[in-house]
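Report on the following structure.
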Amino acid sequence: MDSKDLKQCLLAAKSGDQAAMGQVLEHYRDYLRLLARNELDRRVQARIDPSDIVQQTMLEAQQDLANFRGEHSGELAAWLRQILVHNLHQTYDEHLKAQKRSARREQAIVDQVDGQQRMEWLDGELTTPSQAAMRNERAVLLAQAIEALPDDQREAVRLRHLKGFSLRQMAAKLGRSETAAAGLLKRGMRRLRSWFQAQSLDVATGMEVR
């Protein structure tokens, strides 16, 4: 869905069009799933599927979309991310029975879930509201491209560039040799670059394959 169609669907969704609402939220599923998969606490991953948190987030967004005050897709991405953050907080509290969060700890989780912090190859130094919205829009596109990768390549890209793993750490996590892991990463990056070129998007990846 291009930005023009998305904006029209968003307007219709905010007016109560259920079909349009479904289309709009589906556009962000890959983005939310990537963030949830990347940031879900490893201590609860065995019991919680990231897709369940995404589904909960989308249901809550559907119920509250009429109250969304933004107009652009980047603003909607940020709004959905806030809902996802809240649901991750609840998951931590319910399944880890942690002590009451301090303001510092809560902000740390928000910072972690803001996956764009590790997507700096897309945006460089973007500071204005319009630049931030553009960053969010690009992050959604990137997430869609990453989620479309074969599973092993997607995991290699995620671990290296979103989690910041070294090649050795990535190989250990994947259960592969460093050479095999580097090959997965290289093929995944090649697919991402090809995807952006096919979409005629002027987006530099800037990721180094090591």
Collect the residues in segment 142-189 that are among the hydroxyl-bearing types (Ser, Thr, Tyr) and either buried (at least 17 other Cβ atoms within 10 Å of the Cβ) or out of contact with any helix residue (DSSP H, G or I) (no Cβ under 8 Å at 6 or more places or on another chain) (or both), keeping them in residue-number order. 166, 179
Could you identify the single residue in 62, 45 that is over 30 Å from residue 19 (Cα atoms), in the same structural domain as residue 27 (by the TED database) and either at pLDDT 50 or above or outside any helix (DSSP H, G or I) (or both)? 45
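The values are calculated or read from the model by the stated rules, or taken from the named source; none is laboratory data. Please read all numbers here as calculations on a predicted model, not as lab measurements. Because the Cβ atoms are built from the backbone with ideal geometry, glycine has one as well, and the counts that use them run over all protein chains shown.
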